[in-house]
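Colleague: To start, I am sharing the structure in question, which I have written as structure tokens.
The values are calculated or read from the model by the stated rules, or taken from the named source; none is laboratory data. This structure is a prediction, so every number in the text was calculated from the model and none was measured. In this analysis, Cβ positions are derived from the backbone assuming ideal geometry, glycine residues included, and neighbour counts consider all displayed protein chains. The area values use the complete protein model at the heavy-atom level, side chains included, leaving out ligands, DNA and RNA. Shrake-Rupley method; radii C 1.70, N 1.55, O 1.52, S 1.80 Å.
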Amino acid sequence: MAAEYEGDAFISYAHLDNVELDEGRGGWVTNLQRALKARVAQLYGAESHIWWDPKLQGNDYFSDTLEERLQRVKTLIAIVSPRYVKSEWGRRELATFCKAAEQQGGIRVQDKARIFKVMKTPVDRGLHPPELQSLLGYEFFKEDPVTGKMRELDEIFGPDAEKDFWLKLDDLAHDICDLLKLLQPLPNAIPARGTVYLAVTTSELQDRREAIKRDLVQHGYTVLPDRPLPLTIVEVEAAVREDLARCRLSIHMLGRTYSMVPEGGLASVAELQNELAIERAAKGLFSRLIWIPPGLQVDDDRQRRVLDQLRMDPRMDKGADLLETPLEDLRTMIGAWLQKSEKPTRRTTDATLLGSSPHLYLIYDQRDADAIAPWANFLFKDFEVIHPVFDGSDSEIATYHEENLRSCHGALIFYGSVGEPWLRGKLRELQKCTAYRETRTLPCTGVCLVAPRTPAKERFRTHQAILIPQWDGLAPDDLQPFVSRLKREQKPRAGDGTETPK
């Protein structure tokens, strides 16, 4: 960009928002400016020039000097509050900055806006100045879970509010630095690594969504959507399709609350984003990751239906995955998906190293642990039998399970005390593991139908596994087709000692 700048950012605010709530602590805007200036400098690696007019009064004259400086600043930070949206002064600052920005090449640089909207206090979006309405904001407030009232992120409201203030300020500082690098790239700057669609979610998961966004941004990824979704169904569909077209991965976080339905639509925003991601995946080179917090209790029948449909969705093919695990596991999985296109390092399987029989992974619920002993003992004569673990942290258990899915030659799932959603989930996990397996093929898979016998189990059918009725206990004859197939598929190739793919 050819423009010559004299400042990194200008803070546009209303004087009322900088009045000290507690004498000696400093005004809210004063504290924000001081902290932001220091944090941007640390991240940018050079002194930052974030300025404001601390003597601003509502009846001050809009000077030529201020107007000239606004025309030479790289970014503008608008502190939105009930007073700010009524301020004629703030509107003039916005208008002056936007006019200058248009003459310098536009208000957006590579799809990043040069205006940052800091929402100090909740204000209906329809009341925001026109220049701000299309921008996503940084919410420096939070709902009190006890009273339901909105509290500003300020140390005066306690240590949790202070901690959240610093987290939000760090997000803002990172985004400002990213824009400054675009306007004046630093030597050896790290280029963007790609674009990820992080689906809009409900307020209960907003903190966790922002944590995932923070991870992605700090690792060099661009995160969409970068502006509020429109209100009507037609506009929402167009905006989401446009964003998804730029991405190769979408992440969907669903909780207990049913999300809003766009005007003229029948499905919620969460459902709509997922369906459009499926549409995008059909065009190729795209993956979809869905996360539901573990142990979720849902009271809303609509949301319960949404979650059940996701768990049973047959479109959860190898390009998608559904997790009901802790957030840390989601972070780990996101990292794995983003590196999926890299060629994996070839490694020798455990069975080859040991020179032993093929590995057979038994998958069952903890409630069935004692009941499966006869099958484990019978199969041990032909296979190295691996059992799941149930003791340890959620992360340790998940890691162990995923490693077994990647390295086993066969998997035998026991359909006992669990429901069909659990079983379908395990089949999906096996489908997804092919991306990380040495042969890029599914392990030989069987489903043992064991007691208690129910109509639902008798109706169960799948093309993904061999069904093995074992209603009255161990029946070796009915197991034999699965055993024979697993032995046949694991005959080594001449000369390389690896598995033979199906």
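Colleague: Suppose all protein chains stay in the model; what accessible area per residue would a 1.4 Å probe give for region 197-296, in Å²?
Modeller: 42 Å²
Colleague: Rule-of-thumb check for the chain: C-alpha Rg over 2.2 N^0.38 Å?
Modeller: Working: Rg = 28.1 Å, N = 502, 2.2 N^0.38 = 23.4 Å.
Relative to the rule-of-thumb radius for its length, the chain sits at 1.20.
Colleague: Summarise the accessible area of the chain (1.4 Å probe, protein heavy atoms) by the percent that is carbon and sulfur.
Modeller: Working: 12780 of 25410 Å².
Roughly 50 percent of what the probe reaches on the chain is carbon or sulfur.
Colleague: Pairing the Cα long axis of helix 159-183 with the longest principal axis of the chain, what angle in degrees results, from 0 to 90 and rounded to the nearest 10?
Modeller: Helix 159-183 and the main axis of the chain meet at about 80 degrees.
Colleague: Subtract the Cα-Cα distance of residue 134 and residue 19 from 0.36 nm times their separation in residues, and report this length gain in nm to one decimal.
Modeller: Details: separation 115, 0.36 × 115 = 41.40 nm, distance 2.87 nm.
Here the answer is 38.5 nm.
Colleague: Next up: Compute log10 of I(q)/I(0) for region 251-300 with the Debye formula, placing one identical point scatterer on every Cα and leaving out solvent, at q = 0.23 Å⁻¹, to two decimals.
Modeller: So the normalised log intensities are -0.93.
Colleague: Now, a different point. Relative to the longest principal Cα axis of the chain, at what angle does helix 206-218 sit, 0 to 90 degrees, rounded to 10?
Modeller: 90 degrees
Colleague: Could you give me D for region 444-488, from Stokes-Einstein at 4 °C and 1.567 mPa s, where the hydrodynamic radius is the Kirkwood radius over C-alpha pairs? Units µm² s⁻¹, please.
Modeller: On the way: Rh = 11.1 Å.
The Stokes-Einstein estimate is 116 µm²/s.
Colleague: Take the Cβ-Cβ distance between residue 125 and residue 422 as r, set R0 to 45 Å, and report the resulting FRET efficiency rounded to the nearest 0.05. Don't skip to the end; give the middle numbers.
Modeller: Details: r = 42 Å, r/R0 = 0.93.
E between residue 125 and residue 422, to the nearest 0.05, is 0.60.
Colleague: I need the calculated FRET efficiency for the pair residue 218 and residue 49, taking r as the beta carbon distance and R₀ as 25 Å, to the nearest 0.05. Write out the running numbers ahead of the final one.
Modeller: Numbers: r = 23 Å, r/R0 = 0.93.
Calculated transfer efficiency: 0.60.
Colleague: Now for a different question. Mind pulling the angle between the C-alpha long axis of helix 301-312 and the longest principal axis of the chain? Nearest 10 degrees, somewhere in 0 to 90.
Modeller: Around 50 degrees separate the two axes.
Colleague: Can you give the extra length, in nm with one decimal, that the chain gains between residue 309 and residue 397 once fully stretched, where that is 0.36 nm per residue apart less the Cα-Cα distance? Could the numbers behind the result be given before it?
Modeller: Details: separation 88, 0.36 × 88 = 31.68 nm, distance 2.61 nm.
Working it through step by step, the gained length comes to 29.1 nm.
Colleague: Here's another thing I want to ask about it. Between residue 382 and residue 69, what length comes free when the chain is fully extended (0.36 nm per residue of separation minus the Cα-Cα distance, one decimal in nm)?
Modeller: Numbers: separation 313, 0.36 × 313 = 112.68 nm, distance 7.96 nm.
So the extension gain works out to 104.7 nm.
Colleague: Continuing with the same structure: Quick one: if the Förster radius is 41 Å, what FRET efficiency do residue 301 and residue 478 give, using the C-beta to C-beta distance and rounding to 0.05? Kindly include the intermediate steps, with their values, before the conclusion.
Modeller: Working: r = 40 Å, r/R0 = 0.98.
Efficiency computed from Cβ-Cβ geometry: 0.55.
Colleague: Ratio to report: Rg/Rh of region 370-428, with Cα atoms as the point set and Rh obtained by the Kirkwood method; give two decimals. Intermediate results must be reported in sequence, preceding the final value.
Modeller: Values: Rg = 12.5 Å, Rh = 13.0 Å.
Using Cα coordinates only, the ratio equals 0.96.
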